[in-house]
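Reviewing the structure listed below.
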Amino acid sequence: MNLKPEPLVYELSSPGRIAVSLPERDVNATPIPASLARTDLPLPELDELTVVRHFTRLSQKNYSIDTHFYPLGSCTMKYNPKVNEQTASLSGWRNSHPLAGDEFSQGSIELIHRLQETLREIGGFEAVSLQPAAGAHGELSGVFMIRAWHQARGDVKRRKMLIPDSAHGTNPASCTMAGLAAVTIPSDAEGGVDLAALRAALDDTVAGIMITNPNTLGLFDPNIEEIARLVHEAGGLVYGDGANMNALTGVFKPGEAGIDVMHFNLHKTFSTPHGGGGPGAGMVGAGSKLKDFLPGPLAVLESGTYRMRMPSKSIGRMKSFYGNFGVLVRAYTYVRMLGAAGLRRLAENAVLNANYLKVLIEGTYPVKYPRRCMHEFVAMGDIAEGVHTLDVAKRLIDYGFHPPTIYFPLIVSEALMIEPTETEDKDTLDEFAEALLKIAEEAKSHPDLLHAAPSTTPIGRLDEVAAARNPVLCYRG
Ligand SMILES: *Cc1c(COP(=O)(O)O)cnc(C)c1O
């Protein structure tokens, strides 16, 4: 069934309809200078009820974690508990002003301090900064810190950053933005870093390595300590991409396994909203070598008073004021709600859910690296002649599921990257697996159903290349 596309707000417009009534003017009119005035704007004219119905209907078409299962691999689309929203909207936080000064912001700075300390403990770091606004922003901070550390020692020839071929695209992007050259390290047959290739790449021009563990295949690299040792021995530093901390909280402390600097995505592991592109938070934690280089300011406690202070060799600010403070309140609420035991159960259940789902579908959707996975796994969607992962993903929409991440990581052809998260129950995982298995049957008996999918949405299959090349981002009546 193809639903009628929603009319655009302009198409609902009817001349003379208005949704506001202003009080009589009680000051003198001051005309807008003619050079600034715009009188020919073709704005829609609508009454309030039509506007409300229009936008409410549109919002109901949104796909969200509050309405549906969202197994988008690597993104950790877990449920964000509503208590986070309640605490973040308390008037003391909501109305605090970033220019009020430390004396009048003791509660806010104490919360920042407590969250820094909690995340420091979870990661096994020496210090933590809550400045960065996202994971990629944390990566950029970390690479700046590594660069500054080498420069502070007068070692200016280290311009290369090693990055495994399973890495998220933000890793080479951050390193390039920080002025270093990304060098790809291949994976071995087990899906981990190829140690021989790593050894061969290490020399005195290497600034460090950016490593994700578990990596984007959902596999824990058991050689992590050896990798860190080799890189340190060659004079480099180790950046940890902590986007996959959902597999590790309360179980493994990266800072104790040789990671020098690392980001966590609070909007993934710590249940703050991903938002439509923001605001997020990508805290960055560091060990003894790099803690003085952290972006600042950090919250510190000085003789009974909380202060925001710059670390001694800080790379500077990455964000204005306290970072995305409202997000920090949400993350703090979440870790306090779970407690230490809850954080461990989070990781255990995330790993359990992923392995349960993997076992249900791997007989039909092959998994290239079949060993036990962590919080996610990567299957392959070319399950019948002429059927591709894209077709499976689009057909899932017809079954009411958000598709997994597809065609990533790049080292698995026809990748379907599935991350259920710990917040889904067994019934949902069973329904999702059942939908995938039905789709596999359809792929053999009625592949046209897959090629035509999605067929239950207001707009069907898009030409994604054309949409990316020629985006239409505003109304063109
Ligand atoms: C999500 C993700 C990032 C980037 O984090 P953002 O918060 O989206 O900037 C980096 N690496 C991995 C493995 C990720 O999954």
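Enumerate the strands (runs of 3 or more DSSP E) found wholly within segment 262-372, keeping only those where 3 or more residues are more than 16 Å from the ligand (Cβ to nearest atom) and over 18 Å from the mean Cα position of the chain (by Cα). Can you show your working first?
Values: elements: 284-286, 298-302, 305-309.
Answer list for segment 262-372: 298-302, 305-309.
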Q) Can you pull out the residues in segment 236-252 that are in a strand (DSSP E or B) and either surrounded by fewer than 24 Cβ atoms within 10 Å (Cβ to Cβ) or within 15 Å of the ligand (Cβ to nearest atom) (or both)? A) Y239, G240, D241, G242
Q. Quick one: would you say E226 is in a loop (DSSP other than H, G, I, E, B), more than 12 Å from the ligand (Cβ to nearest atom) and not hydrophobic (A, V, I, L, M, F, W, C)?
A. no
Q) Of all residues in segment 320-353, how many are of a type outside the set (V, I, T), open to solvent by less than 60 Å² (accessible area, probe 1.4 Å) and touching a helix residue (DSSP H, G or I) at 6+ places or on another chain (Cβ under 8 Å)? A) 14
Q. Do we find a residue being among the acidic types (D, E), away from the ligand (no atom under 16 Å from the Cβ) and not assigned by TED's automatic domain parsing to the domain that holds F377 anywhere in segment 204-222?
A. yes
(Q) touching a helix residue (DSSP H, G or I) at 6+ places or on another chain (Cβ under 9 Å) and either under 27 Å from A347 (Cβ atoms) or among the acidic types (D, E) (or both): is that true of I146 in this structure? (A) no
**Q.** First in segment 121-139 and within 15 Å of the ligand (Cβ to nearest atom), second anywhere and open to solvent by less than 10 Å² (accessible area, probe 1.4 Å) and charged (D, E, K, R), Cβ under 7 Å, 6 or more apart
**A.** E139/D241
Q) Is there a residue in segment 74-92 that is free of Cβ contacts under 8 Å to residues at least 12 places away in the same chain, in a loop (DSSP other than H, G, I, E, B) and loosely packed, with under 10 Cβ neighbours inside 10 Å? A) no
Q. Is there a residue in segment 407-426 that is farther than 30 Å from L338 by Cα and in a strand (DSSP E or B)?
A. yes
Q. Restricting the search to segment 391-407, which residues are surrounded by fewer than 21 Cβ atoms within 10 Å (Cβ to Cβ), within 16 Å of E441 (Cα to Cα) and not charged (D, E, K, R)?
A. Y399
Q | Subset of segment 170-186 (residues that are open to solvent by 10 Å² or more (accessible area, probe 1.4 Å), within 13 Å of the ligand (Cβ to nearest atom) and touching a helix residue (DSSP H, G or I) at 6+ places or on another chain (Cβ under 9 Å)) | A | T170, A173, M177
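Looking at the structure I just gave you, is F104 buried (at least 19 other Cβ atoms within 10 Å of the Cβ) and more than 21 Å from T272 (Cα to Cα)? Please lay out each step first, then the result.
Numbers: buried (at least 19 other Cβ atoms within 10 Å of the Cβ): no; more than 21 Å from T272 (Cα to Cα): yes.
Here the answer is no, as F104 does not meet what is asked.
The values are calculated or read from the model by the stated rules, or taken from the named source; none is laboratory data. Note that this is a predicted model, so its numbers are computed, not measured. With ideal geometry, Cβ positions are generated from the backbone for all residues, glycine too; neighbour counts draw on all protein chains shown. Each accessible area value is taken on the protein alone, full model and side chains, heavy atoms only, with ligands, DNA and RNA left out. Shrake-Rupley method; radii C 1.70, N 1.55, O 1.52, S 1.80 Å.
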